[in-house]
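Chemist: Dumping the structure here so I can ask a few things about it.
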Amino acid sequence: MALGDNFGAGQDIDGFSSIELPSPNDLVILKAIGDDDAEQNLSFQGIRRKLGLHQETLSRALHRLQRDGYVERLEHAYRISEKGLNTIMHAQPRVGTIVEQNDPYSVVLLRAVLPPDLNVNSLVDSLSFRWFGNLRWLGSTQTPDSLALSWITNESGLKISVRVKDGTLTIETIPKDSNSISDASRSAFALFDHISKALMDSEQARQPRLSTAS
């Protein structure tokens, strides 16, 4: 069954017949938004690229999911709600019949120690919602002790993530196959170049300006 088929048809969770589920394909979208944790914020275009959906199809599905309380719409992104998390947890076997389940593993491409006085929020603001080369903005994830910014490659749909935790910045990917590692490495170095420039711009902005004598 194609992902664009049968959107909007409600389903019941096996063993939870009193709970109405979104359609199987709406569940795929719900899982794509909430597959990391409750704090993941995905942009509309990020979801579209991640799943390869037509814009109108995705827009209608997100409207239904938001209307029924499964997702929350933020200023620039969508985030799964507690109801949505409970739904994909109960519906996991059914979702798994639509989307092939793998055991993804992250591969670290680059790692760097950040300056101890770095304003992380400033760095995040300089990178969020931006495109770099073939990288298109996907979304962000924030937990009490870490944050992550993610992009997806325009051609192959490979996800590249920047994670900041305990003063360390890590660029990583979940490779699709052995050939995707080389593509991800090139994207990681290009992304790190932009991060380095953002760090230098931030440092220059903090330097006191010297007044010149007239």
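Chemist: Would you call residue 30 aliphatic (A, V, I, L, M), surrounded by fewer than 14 Cβ atoms within 10 Å (Cβ to Cβ), over 18 Å from residue 136 (Cβ atoms) and modelled with pLDDT of 90 or more?
Modeler: Numbers: aliphatic (A, V, I, L, M): yes; surrounded by fewer than 14 Cβ atoms within 10 Å (Cβ to Cβ): no; over 18 Å from residue 136 (Cβ atoms): yes; modelled with pLDDT of 90 or more: yes.
For residue 30, the condition - aliphatic (A, V, I, L, M), surrounded by fewer than 14 Cβ atoms within 10 Å (Cβ to Cβ), over 18 Å from residue 136 (Cβ atoms) and modelled with pLDDT of 90 or more - is not met.
Chemist: Do any residues in region 104-124 that are closer than 15 Å to residue 149 by Cβ have Cβ atoms under 6 Å from those of residues that are modelled with pLDDT of 85 or more and surrounded by fewer than 15 Cβ atoms within 10 Å (Cβ to Cβ), where the two are at least six apart or on different chains, and which pairs are they?
Modeler: Between residues of region 104-124 that are closer than 15 Å to residue 149 by Cβ and residues that are modelled with pLDDT of 85 or more and surrounded by fewer than 15 Cβ atoms within 10 Å (Cβ to Cβ), the close pairs are 114/167.
Chemist: If I ask for residues that are among the acidic types (Asp, Glu) and either modelled with pLDDT under 85 or assigned by TED's automatic domain parsing to the domain that holds residue 129 (or both), which ones from region 33-65 would you list? Reasoning before the result, please.
Modeler: Applying the first criterion (among the acidic types (Asp, Glu)) to region 33-65 yields 35-37, 39, 56.
Once the filter is applied, which keeps residues that are among the acidic types (Asp, Glu) and either modelled with pLDDT under 85 or assigned by TED's automatic domain parsing to the domain that holds residue 129 (or both), region 33-65 yields 35, 36, 37, 39.
Chemist: Considering only residues that are in contact (Cβ under 8 Å) with a residue 24 or more places away in the chain and either within 18 Å of residue 41 (Cα to Cα) or in the same structural domain as residue 46 (by TED's automatic domain parsing) (or both), which ones fall in region 131-143? Break it down stepwise before answering.
Modeler: So the first thing to find is which residues in region 131-143 are in contact (Cβ under 8 Å) with a residue 24 or more places away in the chain, and the list is 132-143.
Correct list: 135, 136, 137, 138, 139, 140, 141, 142, 143.
Chemist: Can you find even one residue in region 164-179 that is closer than 24 Å to residue 52 by Cα, at pLDDT below 90 and basic (Lys, Arg)?
Modeler: Yes, region 164-179 contains a residue that is closer than 24 Å to residue 52 by Cα, at pLDDT below 90 and basic (Lys, Arg).
Chemist: Here are some conditions: (1) within 11 Å of the chain's Cα centre (by Cα); (2) closer than 27 Å to residue 203 by Cβ. Residue 133 meets all but one. Which one does it not meet?
Modeler: Just one mismatch for residue 133, condition (1).
Chemist: From 121, 86, grab the single residue that is under 18 Å from the mean Cα position of the chain (by Cα) and either closer than 19 Å to residue 31 by Cβ or at pLDDT below 90 (or both). Can you show your working first?
Modeler: Numbers: 86 fails: under 18 Å from the mean Cα position of the chain (by Cα).
One residue alone meets the criteria, 121.
Chemist: So which residues in region 154-187 are of a type in the set (A, V, I, L, M) and within 16 Å of residue 142 (Cβ to Cβ)? Write out each step before concluding.
Modeler: Of the residues in region 154-187, the ones of a type in the set (A, V, I, L, M) are 158, 160, 162, 164, 169, 171, 174, 181, 184.
Hits for region 154-187 are 162, 164, 169.
Chemist: Name the residues in region 132-143 that are assigned to a loop (DSSP other than H, G, I, E, B) and either modelled with pLDDT of 90 or more or of a type in the set (Gly, Ala, Ser) (or both), would you? Steps first, answer last, please.
Modeler: Filtering region 132-143 for residues assigned to a loop (DSSP other than H, G, I, E, B) gives 133-134.
Residue satisfying the conditions is 133 alone.
The values are calculated or read from the model by the stated rules, or taken from the named source; none is laboratory data. Fair warning: this is a prediction, and the values are worked out from it, not measured in the lab. Ideal geometry is used to build each Cβ from the backbone, glycine not excepted, and the neighbour counts take in all protein chains shown.
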